[in-house]
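Have a look at the structure below, then the notes.
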Amino acid sequence: MSARMHDDELMIDADLVRSLLRRDLATYAELALRPLDSTGSTNRLFRLGEEHLVRLPRQPGGSATITQEARWLPGFAANLEVATPEVVTVGEPGFGYPERWSVVRWLDGEKPAPGAGDVTATDLASVVTGLRRTEVPQEALDDPGLRWYRGEPIAGFDADVRSRLRECRELADLELDLVAVESVWDEVTALPPAGAGIHWLHGDLLAENLLSRDGRLTAVLDFGALSVGDPTVDLICAWELLDAAGRDEFRRILDVDDATWLRGRGWALFIALMTFPYYWQTMPVRCADRLVMARAALVG
């Protein structure tokens with residue numbers, strides 16, 4: 001089992017995965033199986049043969065995101081110009097493991113390095129545009145599982161942000177200007193209410209959920225945070241992955257006004273502030289990525 005990230009982390013190992021496969025997907029059950037070193041915190045990942053990936057939720061309640069991806073992912077293929085996970089099957093709980101799990105087709109590529117030019121502004125803007133132009137059916141509007149907090153107006157999280165700021169001040173090694181962070185956040189909370197409308201949003205459009213090759217984006221992964229609501233949070237990819245010129249281009253393509261851009265900066269800072277106290281010891285790579293994002297969001 002990998003290092004524990006959560007107090008309620010479920011026990012998952014290769015023997016469990018093999019048993020689940022033999023019961024639910026016997027055709028693939030004897031293929032080579034190996035755990036992956038993943039920066040993800042939601043699912044344990046196992047490479048299955050050369051063409052598949054097994055994903056198992058790390059925490060109780062994770063079945064909801066597995067089911068959600070299988071239900072809604074196929075509807076985005078026509079509007080996204082990059083690959084997304086193709087769900088082969090959804091398996092059931094068993095052998096002491098209480099959650100549903102999935103097998104998806106393997107997608108080749110590398111995680112883009114934050115701020116290194118591994119993806120273009122055009123590619124990222126295309127993903128955001130594709131999500132927003134995908135129709136939101138009534139069934140999705142009525143599904144409470146698609147109403148995650150990241151689709152809510154950011155101004156409602158003032159108390160949460162200030163609480164995380166206090167926690168971050170206790171991290172002696174965090175090299176981030178928290179006074180400047182609070183100043184930007186004050187600007188965010190002073191904005192009038194947003195009128196962004198209801199759209200699809202990925203909710204976690206960050207480097208660890210993307211694949212690239214030769215400077216181009218090739219895939220978007222992990223739609224477990226998929227939601228409908230205010231899509232401003234999907235702008236955060238600009239501050240983690242693009243330099244200043246790239247962010248300007250990204251903003252121009254999407255025609256983002258000043259208030260929405262400031263709200264996007266607020267989301268980038270809020271998500272970074274949540275990351276540092278929780279994952280400081282267990283996920284140093286994630287914390288380093290979020291530090292890149294937070295510093296860029298302070299710039300503008």
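The values are calculated or read from the model by the stated rules, or taken from the named source; none is laboratory data. Because the structure is a prediction, the values reported are computed rather than measured. FYI the Cβ positions are ideal-geometry reconstructions off the backbone, even for glycines, and counts take in every protein chain you see.
Does region 1-22 contain at least one residue that is touching a residue at least 24 places away in the same chain (Cβ under 8 Å), among the hydroxyl-bearing types (S, T, Y), assigned to a loop (DSSP other than H, G, I, E, B) and farther than 20 Å from F223 by Cβ?
Checking region 1-22: at least one residue is touching a residue at least 24 places away in the same chain (Cβ under 8 Å), among the hydroxyl-bearing types (S, T, Y), assigned to a loop (DSSP other than H, G, I, E, B) and farther than 20 Å from F223 by Cβ.
Any idea which of A77, A113, A83 is at pLDDT 95 or above, within 19 Å of L210 (Cβ to Cβ) and not charged (D, E, K, R)?
Details: A77 fails: at pLDDT 95 or above; A113 fails: at pLDDT 95 or above.
Answer to the selection: A83.
Of all residues in region 249-262, which are without any contact (Cβ under 8 Å) to a residue 60 or more places away in the chain and either exposed (fewer than 15 other Cβ atoms within 10 Å of the Cβ) or over 26 Å from A155 (Cβ atoms) (or both)? Before the answer, list the steps.
Within region 249-262, the subset without any contact (Cβ under 8 Å) to a residue 60 or more places away in the chain is 251-252, 255-258, 261.
Of everything in region 249-262, those that are without any contact (Cβ under 8 Å) to a residue 60 or more places away in the chain and either exposed (fewer than 15 other Cβ atoms within 10 Å of the Cβ) or over 26 Å from A155 (Cβ atoms) (or both) turn out to be R252, D255, D257, D258.
Filtering region 79-101 down to residues that are over 23 Å from the mean Cα position of the chain (by Cα) and either buried (at least 16 other Cβ atoms within 10 Å of the Cβ) or not hydrophobic (A, V, I, L, M, F, W, C) (or both), which residue is farthest from S63 (Cα to Cα)?
Among those that are over 23 Å from the mean Cα position of the chain (by Cα) and either buried (at least 16 other Cβ atoms within 10 Å of the Cβ) or not hydrophobic (A, V, I, L, M, F, W, C) (or both), it is G96.
Looking at L73, L56, L45, L141, can you tell me which residue is in contact with a helix residue (DSSP H, G or I) (Cβ under 8 Å, 6 or more places away or on another chain) and hydrophobic (A, V, I, L, M, F, W, C)?
On the way: L73 fails: in contact with a helix residue (DSSP H, G or I) (Cβ under 8 Å, 6 or more places away or on another chain); L45 fails: in contact with a helix residue (DSSP H, G or I) (Cβ under 8 Å, 6 or more places away or on another chain); L141 fails: in contact with a helix residue (DSSP H, G or I) (Cβ under 8 Å, 6 or more places away or on another chain).
Only one candidate passes the filter, namely L56.
Could you please find all residues in region 154-197 being closer than 26 Å to T129 by Cβ, surrounded by 14 or more Cβ atoms within 10 Å (Cβ to Cβ) and either modelled with pLDDT under 95 or of a type in the set (K, R) (or both)?
Passing the criteria: A155, A194, A196.
Return the only residue of D230, D214, D158, D186 being in contact with a Lys or Arg (Cβ under 9 Å, 6 or more places away or on another chain) and over 15 Å from A294 (Cα atoms).
Values: D214 fails: in contact with a Lys or Arg (Cβ under 9 Å, 6 or more places away or on another chain); D158 fails: in contact with a Lys or Arg (Cβ under 9 Å, 6 or more places away or on another chain); D186 fails: in contact with a Lys or Arg (Cβ under 9 Å, 6 or more places away or on another chain).
Exactly one residue qualifies, and that residue is D230.
Kindly establish whether M283 is buried (at least 17 other Cβ atoms within 10 Å of the Cβ) and at pLDDT 95 or above. I'd like the intermediate steps shown before the answer.
Details: buried (at least 17 other Cβ atoms within 10 Å of the Cβ): yes; at pLDDT 95 or above: no.
The answer is no for M283.
For T120, indicate whether it is among the hydroxyl-bearing types (S, T, Y), closer than 18 Å to S227 by Cα and crowded, with 18+ Cβ neighbours inside 10 Å. Quick ask: steps written out before the conclusion?
Values: among the hydroxyl-bearing types (S, T, Y): yes; closer than 18 Å to S227 by Cα: no; crowded, with 18+ Cβ neighbours inside 10 Å: yes.
In short, no.
For A238, are the conditions met, namely being in contact with a Gly (Cβ under 8 Å, 6 or more places away or on another chain) and buried (at least 20 other Cβ atoms within 10 Å of the Cβ)?
On the way: in contact with a Gly (Cβ under 8 Å, 6 or more places away or on another chain): yes; buried (at least 20 other Cβ atoms within 10 Å of the Cβ): yes.
In short, yes.
Specify the residue that is surrounded by the fewest Cβ atoms within 10 Å (Cβ to Cβ); the eligible residues are those in region 40-74 that are under 17 Å from the mean Cα position of the chain (by Cα) and assigned to a strand (DSSP E or B).
Checking each candidate, the answer is L45.
Mind counting the residues in region 138-153 that are surrounded by 13 or more Cβ atoms within 10 Å (Cβ to Cβ) and either part of a loop (DSSP other than H, G, I, E, B) or without any contact (Cβ under 8 Å) to a residue 12 or more places away in the chain (or both)?
Residues that pass the stated criteria total 6.
Only one residue in D248, D158, D177, D173 is of a type in the set (D, E, K, R) and within 22 Å of the chain's Cα centre (by Cα). Which one? Working first, answer last.
On the way: D248 fails: within 22 Å of the chain's Cα centre (by Cα); D177 fails: within 22 Å of the chain's Cα centre (by Cα); D173 fails: within 22 Å of the chain's Cα centre (by Cα).
On inspection, the qualifying residue turns out to be D158.
In region 122-132, is there at least one residue being at pLDDT 95 or above and in a loop (DSSP other than H, G, I, E, B)?
Applying the first criterion (at pLDDT 95 or above) to region 122-132 yields 122-132.
The next check asks that each one be in a loop (DSSP other than H, G, I, E, B); those that pass are none.
The answer is no, given that none of the residues of region 122-132 is at pLDDT 95 or above and in a loop (DSSP other than H, G, I, E, B).
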